[in-house]
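For reference, the structure is listed below as structure tokens.
Just so you know, all these numbers are worked out from the coordinates, no wet-lab data involved. Please read all numbers here as calculations on a predicted model, not as lab measurements. All Cβ positions, glycine included, derive from the backbone under ideal geometry; neighbour counts span all protein chains shown.
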Amino acid sequence: MRLYKPNMKTFGKFILFLKSLLVRGESFSILSSRTIDEAIIIGVNSIFIVAVVATFIGAVTCVQISYNLTSALIPRSTIGFMVREMTILELAPTITSIVLAGKVGSNIAGGLGTMQITEQVDALEVMGINSASYLILPKVVAAMFMFPLLVIIAMTLSIGGGYVAGTLSGALTASEYVEGIRDTFIPYNILFALIKAVVFAFLISSISAFQGYYTKGGALEVGTASTNAVTNSIIAVLIADFVCAQLLL
Amino acid sequence: MFYFKPNFKLFQLLFTMIEIHNIHKSFNGTKVLNGISGIFESGKTNLLLGASGTGKSVLLQCIVGLVKPDIGSITYDGKVFTNNKLDLKQEIRRKIGMLFQGSALFDSMSVEENVDFPLKMLTKMSKAERKDRVDFCLKRVGLENAGKKMPSEISGGMKKRVGIARAIAPNSIYLFCDEPNSGLDPLTSIKIDELIYEITQEYNITTVVVTHDMNSVMEIGDNIMFMHKGNKLWEGSRHDIMDTNIKELKEFIFASSLMRAAKKVDDEMGSLDELTSLDEEQNREQAKLIDHQEGNPNEGKTRDPYAGPDTLV
């Protein structure tokens, strides 16, 4: 019961925090310019890590499926099919988001935490600027735009990684792999993955910003805020993953 | 016939000021401010003086709206700031410039961009106008050549100067400084104090400075409010502070050996003053005697020995 109360209090504070992002905001031109800057930091600067992770996850998935698929009755093209399904439905959106929770989440929480302890947030407030809206709303919007794009890149590279790994290791031929990834394709699965990406983007950016924005103390607390941001974001992503699967599939 | 002549100076005196009334603030049951009241007039450097942990910074945060007081009111030029509509608060806040203890410059922006930031956000000035204003403000604080530098590339004193430039850039009429010379060497501290004082006089703004530095008090303290354990114990100017009888204030002022030595010299100067007045009398008598011997037509008038050879009293 003692644990329950503070958690509900924190949740309530989080809801009020989200509300504060939307009231007395700055002009559209200022926010759009800030959003573009944040999109570069969150999206463009994350392409490399997403590409590396996605390619290797696709490759490993292909190799492990072929290792487990020993029955002669199952066609080898099934490997391509399974790589595609796993990648689109789960690995690309979820693993990409977990990687981004580490990179982007810690960046957001650390940045805002540092601004808070060095009074930069207070400086904005004293000027009459809604610091939450000015600093955080562009991050959340940018993340919600950029995560789906990163997930599309991750899907492409992951399937490509599976192709390279499968053909180079001799697990299946190129035509078998292509046949597999074209088999019974459901376009809705792409939409489902992109919806998940948007949900995860919102959770990661807002939770990390919440952790950073309410940092008090010094450098140690900034570190703690970053750690909490990553941990809480990953938990929220996994819970949201389950909820989305239940509701949308 | 009744003739009404508006006294604009009185009007300005009445309305360009900040008034705080009965401010109380507690944190987790600990009383930090206990019924503080006072007036901060325009064109004056108002100091909030006190030891660390006496609630000076909390009071400043209450005044600028970063912390909400439990009880009490804060009025800017007759407009109530506390418990008022958000729009009015925003309107008042946009007239406020603040220099933070750690300068609070935006790390990701250059010095120029930092000064330009409030202009970009709060005014409708064109880019060229903003550039002119930024150049003017940087020149005013003596940093005309540091515009392109990043905050991490400049010294503590320069950061404070940039902070002041940023605070005055949007023509703020209220300037708040939270320990402006903390972490600075004595010479730079004095320069920062002088800059704050000059800007206050030059633009006739209302300046409130939180400090525990006695050098600042003696340099720029037009109106000093001494705080102790969340209470206001004394208020006056730098000319009166040395003669206080309040125990806590005396302990605070003369905590350093330098101030004790200064007091000693001051006391001695007091006795020297008496000697000086005696010397003055003797000199006047001597001047009278010389005039009589030389047949001076101005005989009977005495010469002020301290006012130059041709000055007759």
>> Can you tell me which of (1) surrounded by fewer than 17 Cβ atoms within 10 Å (Cβ to Cβ); (2) within 12 Å of chain A (Cβ to nearest Cβ); (3) part of a helix (DSSP H, G or I); (4) not charged (D, E, K, R) is the one B:Ala128 doesn't meet?
In response: (2)
> Do any helices (runs of 4 or more DSSP H) lying entirely in the range A:95-173 carry at least 3 residues that are surrounded by fewer than 23 Cβ atoms within 10 Å (Cβ to Cβ), more than 14 Å from every other protein chain (Cβ to nearest Cβ) and not aliphatic (A, V, I, L, M), and which ones are they?
Replying inline: A:131-169
>> Go through the range B:77-103 and report how many residues are more than 22 Å from B:Thr211 (Cα to Cα), more than 9 Å from chain A (Cβ to nearest Cβ), touching a residue at least 12 places away in the same chain (Cβ under 8 Å) and not charged (D, E, K, R).
In response: 3
> When the residues of the range B:104-125 are filtered to those that are among the hydroxyl-bearing types (Ser, Thr, Tyr) and more than 10 Å from chain A (Cβ to nearest Cβ), which remaining residue is surrounded by the fewest Cβ atoms within 10 Å (Cβ to Cβ)?
Replying inline: B:Thr123
>> So, in the range B:156-175, how many residues would count as being over 18 Å from B:Glu202 (Cβ atoms) and either more than 23 Å from the chain's Cα centre (by Cα) or of a type in the set (Val, Ile, Thr) (or both)?
In response: 1
